[in-house]
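Asks: Attaching a single structure in structure tokens format; questions to follow.
The values are calculated or read from the model by the stated rules, or taken from the named source; none is laboratory data. The structure displayed is predicted, hence computed values, not measured ones. Cβ atoms come from the backbone with ideal geometry, glycine included; neighbour counts cover every protein chain shown.
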Amino acid sequence: MKKQMNIVVVGLGNIGSYFYDYLVKNKNTIFNKTNTIPNILFVSAKSFTKKRNIMPPKKIWLKNFLSSTKIKEVDIIVELIGGAEGPAKKLVFEALKNKKHVITANKALVAKYGDILSKIAEKNKVNFEFEAAVCGGIPIVRAIKEGLIANNINKIYGILNGTSNYILSSMDGDKLEYKDALLKAQKLGYAESDPTSDVNGDDVASKLKILTALAFNSFINNRTILVEGIKNVDQIDITNANNLGYKIKLIGVAETVKNKIIQRVHPALIKKNSYIAKIDGVLNAVIVESKPVGKTVLQGDGAGPGPTTSSLISDLCSVLRGNIKFPFALPNKKRKILAFENINNKKFSAYLRIDVKDRHGILSDVTKVMAENKISVKRLIQNPTINKKNASIIMTTHEAKNSSFIKLLLILKRKNYIINIPKIIRIENV
């Protein structure tokens, strides 16, 4: 008799519908690779009557999605609702407590509750799989948990959000302002109608927290992390960066510095000839630095129904094969409580843009304030005129502590010659 596992798919949006359709059409292929039949027992979503590209039979429609956690015949629940709270949280917690395997693409949920959910899954000897929660179709979670298992990771970084990367690429390649680039991304379906979590860095932060826990065998740290988005980057900054030999990218970085972990998400100037600088459009790229292998690079589509389904099916096949694994690679009791630190003492070179009234002595005053905060000028661009009364001071600096740059901003903001909030974008050597 052929082995079968019964699946409930909860959430039939773009990703849920694509996943359902793929599973139905590729049932035999999955069986051949796992020796187990993936049987969709039920599906559930907000509305049965909503127009979709797929039409699941009415007999498998489940009105109360939470009831799936109590049905004895259900083996696997695929959560595709989204969000860290509400229905998704209730479903996943109840499913694991009732000894159902869970597969999810919900990065916000994993970043916030991953440690607790991991503990429940381990206790009940079921899988909690979340490959699809980080970078769409790039198999970075499995790479860290299995492919790089022999390695001691010291840094993981990259471009982890396709929406923000597409916007910055459009601003650079098409010379668009931020708002126009965002509108273009929305029209093409690369950005949500509410793109907040993508453009303010929260999406990258969620992914980075998960990757940090996996890479360093630690618990998830939701407190000590710098998160800055791209909304303040404009066409002037893009042009200046190009003139200086850089591209602007939104990056996520987790690294060990003096036995402490620093997590940060922010726009950065990256040398044009760098690998990361050449990742354009909706692509994601993750770089892992470790020993003994050295540098490992994974690149691919970071979002969308196809790439996400690729990761969901990967997780599903792992469960169908009967592999009970620890969600974060190690048993909870062996995961480390590591020291996390903010970026105050970390040193950066930086790009400074200070829009000022065009008066005698201002540049001298700016450099004096910089010197008082132990920041020195590396390169100064001749003040390009904004109009007859105003000017813009553009410079790059030598390395200085992040805390020094914060102090500099606070002091400059109070100067009566400042006409816009001064900008600091860190320069990253990757």
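Asks: In segment 235-259, which residues are surrounded by 17 or more Cβ atoms within 10 Å (Cβ to Cβ) and part of a loop (DSSP other than H, G, I, E, B)?
Replies: Leu244
Results for (1) in contact with a Gly (Cβ under 8 Å, 6 or more places away or on another chain); (2) in a helix (DSSP H, G or I); (3) modelled with pLDDT of 90 or more; (4) hydrophobic (A, V, I, L, M, F, W, C), shown as yes or no for each residue.
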site	(1), (2), (3), (4)
Asn387	no, no, no, no
Ala391	no, no, no, yes
Thr396	no, no, yes, no
Phe405	no, yes, yes, yes
Leu410	no, yes, yes, yes
Lys415	no, no, yes, no
Asn420	no, no, no, no
Ile424	no, no, yes, yes
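Asks: Oh, and also: Would segment 21-32 turn up any residue that is touching a strand residue (DSSP E or B) at 6+ places or on another chain (Cβ under 8 Å), aliphatic (A, V, I, L, M) and crowded, with 19+ Cβ neighbours inside 10 Å?
Replies: yes
Asks: Please go through segment 331-362 and pick out each residue that is buried (at least 16 other Cβ atoms within 10 Å of the Cβ), of a type in the set (A, V, I, L, M, F, W, C) and not in a strand (DSSP E or B).
Replies: Answer for segment 331-362, where residues must be buried (at least 16 other Cβ atoms within 10 Å of the Cβ), of a type in the set (A, V, I, L, M, F, W, C) and not in a strand (DSSP E or B): Leu338, Ile343, Ile362.
Asks: Would you pick out the residues in segment 81-110 that are surrounded by 24 or more Cβ atoms within 10 Å (Cβ to Cβ), among the small types (Gly, Ala, Ser) and within 21 Å of Leu214 (Cβ to Cβ)?
Replies: Ala105
Asks: Given the conditions (1) at negative phi; (2) surrounded by 14 or more Cβ atoms within 10 Å (Cβ to Cβ); (3) out of contact with any Lys or Arg (no Cβ under 8 Å at 6 or more places or on another chain), and given that Leu12 satisfies all but one, which numbered condition is not satisfied?
Replies: Tallying (1) at negative phi; (2) surrounded by 14 or more Cβ atoms within 10 Å (Cβ to Cβ); (3) out of contact with any Lys or Arg (no Cβ under 8 Å at 6 or more places or on another chain), Leu12 fails exactly one: (3).
Asks: So which pairs qualify, if the first residue must be in segment 78-103 and assigned by TED's automatic domain parsing to the domain that holds Ser197, the second must be crowded, with 24+ Cβ neighbours inside 10 Å and among the hydroxyl-bearing types (Ser, Thr, Tyr), the Cβ gap must be under 8 Å, and the two must be at least 6 apart or on different chains?
Replies: Between residues of segment 78-103 that are assigned by TED's automatic domain parsing to the domain that holds Ser197 and residues that are crowded, with 24+ Cβ neighbours inside 10 Å and among the hydroxyl-bearing types (Ser, Thr, Tyr), there is no close pair.
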